[in-house]
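Contents: one structure, followed by commentary.
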Amino acid sequence: MRMFLGLISIVMLSACGDSKFADISGSELQDRYSRCENADSLSPGGAITCDNIRRECERRADEKGRRVCY
């Protein structure tokens, strides 16, 4: 049960984290995405942040019809 609650918490935190990246510029988002892609290892929090950055990149690609981060 504890593991389940922990997993739910992580999913909820990662789902809520996207909005803070909506206001950053495309070049800043690209830089952060690149750092995530080139990281040798990530902490759990870093992995969640990188996942949120990836989702923001995908959201912008869907919204604007062009890739921002790739």
- Query: Out of the stretch 2-28, which residues are at pLDDT 90 or above and among the β-branched types (V, I, T)?
  - Reply: I24
- Item | Close pairs (6 angstrom Cβ cut-off, 6 or more residues apart or separate chains): under 11 Å from C57 (Cα atoms) in the stretch 24-40, open to solvent by less than 70 Å² (accessible area, probe 1.4 Å) and modelled with pLDDT of 90 or more anywhere | R32/I53; Y33/I53; Y33/C57
- Restricting the first residue to the stretch 54-70 and requiring it to be closer than 13 Å to I24 by Cα, which pairs with a second residue that is open to solvent by 60 Å² or more (accessible area, probe 1.4 Å) and of a type outside the set (D, E, K, R) meet a Cβ separation below 7 Å and a spacing of at least six or different chains? V68/Q30; C69/Q30
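Listed here are the residues, each with its yes/no results for (1) at pLDDT 90 or above; (2) of a type in the set (D, E, K, R); (3) part of a loop (DSSP other than H, G, I, E, B); (4) open to solvent by less than 90 Å² (accessible area, probe 1.4 Å).
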site	(1), (2), (3), (4)
Q30	yes, no, no, yes
R35	yes, yes, no, no
S41	yes, no, yes, no
T49	yes, no, no, yes
R55	yes, yes, no, yes
R67	no, yes, yes, no
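The values are calculated or read from the model by the stated rules, or taken from the named source; none is laboratory data. Since we're looking at a predicted model, the values are computed, not measured. Cβ: placed from backbone, ideal geometry, glycine included. Neighbour counts: every protein chain shown. Side chains included, ligands, DNA and RNA excluded: accessible areas come from the protein's heavy atoms. Shrake-Rupley method; radii C 1.70, N 1.55, O 1.52, S 1.80 Å.
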